[in-house]
Amino acid sequence: MTPAWDLPSPFVHRVAALGSDIDAYGHVNNSVYLRWLDETAWAHSSALGVTPAHCVTTRRGMVVWRSQLHYLAPAFAGDALEIGTWLVFEDARLRVDRRFQIRRPADGRTLLRGLIHYVCVDLDSGRPKRMPAEFVHHYRPLPEVASALAEEHHRRFAPGVEPREV
């Protein structure tokens, strides 16, 4: 049996798949997964002290530069889901990367793995701008996450190309 989470010490955000999340194919639409990842990133950032209000006050914010998502299994109406996120990279200037994993606790199945790259922007101009010191301080990967990422199987993580779970 595989461990519950891919990396140690996830920030966990819980969601439930609603009827309105379901598309014509009878499962959660892929756009809903993106919304859940965004909600999870904001919940985590807020827990770290970087709230939307703080971003507006400082006129800096982290915006998505690139998303890599690997959909492994569908979610259905009524599913209770856990979304784990980890900060996995920051360059102390412009960039922060987050990993995500969506799990269905009822059967232990991982439904999605993702890696989203963010860049800091000036909220007035929309142009890249150096992160404020408090962003750099709060957006550091946890030591246990950095240690786990040094392991070979984590260095090769590339959503969309890793082997499918059986």
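General observations
- Evaluated with a Cβ-only charge set (Lys, Arg +1; Asp, Glu -1), segment 11-154 carries a dipole of roughly 380 debye about its Cα centre, given to the nearest 20.
- Linear extension gain, Ala24 paired with Leu48, 0.36 nm per residue minus alpha-carbon span: 4.9 nm
- Computed over the chain, the per-residue total of -39500 (n - 2.57) for DSSP H runs of n ≥ 4 gives a 222 nm mean residue ellipticity of -7000 deg cm²/dmol, rounded to 500.
- Shape index of segment 11-154: Rg/Rh, with Rg the Cα radius of gyration and Rh the Kirkwood radius from the inverse mean 1/r over Cα pairs, equals 1.00.
- Listed residue (Ala53, Gly84, Ala148) projecting farthest to the positive dipole end of segment 11-154, Cβ model: Ala53
- Protection-proxy order for peptides 86-97, 59-70, each taking the mean of Cβ atoms within 10 Å per residue, highest first: 86-97, 59-70
- Taking packing as the residue-averaged number of other Cβ atoms within 10 angstrom, the listed peptides 125-137, 32-44 run from highest to lowest as 32-44, 125-137.
- Summed side-chain charge close to Asp124 - residues other than Asp124 whose Cβ falls under 12 Å, Lys, Arg +1, Asp, Glu -1: +3
- The angle between the Cα long axis of helix 30-48 and the longest principal axis of the Cα atoms of the chain comes to about 50 degrees, rounded to the nearest 10.
Computed from the coordinates by the stated procedures, all read-outs in this text should not be read as laboratory data. All values derive from a computational prediction rather than experimental measurement. Positions of Cβ are generated from backbone atoms using ideal geometry, with glycine treated the same way; all protein chains shown enter the neighbour counts.
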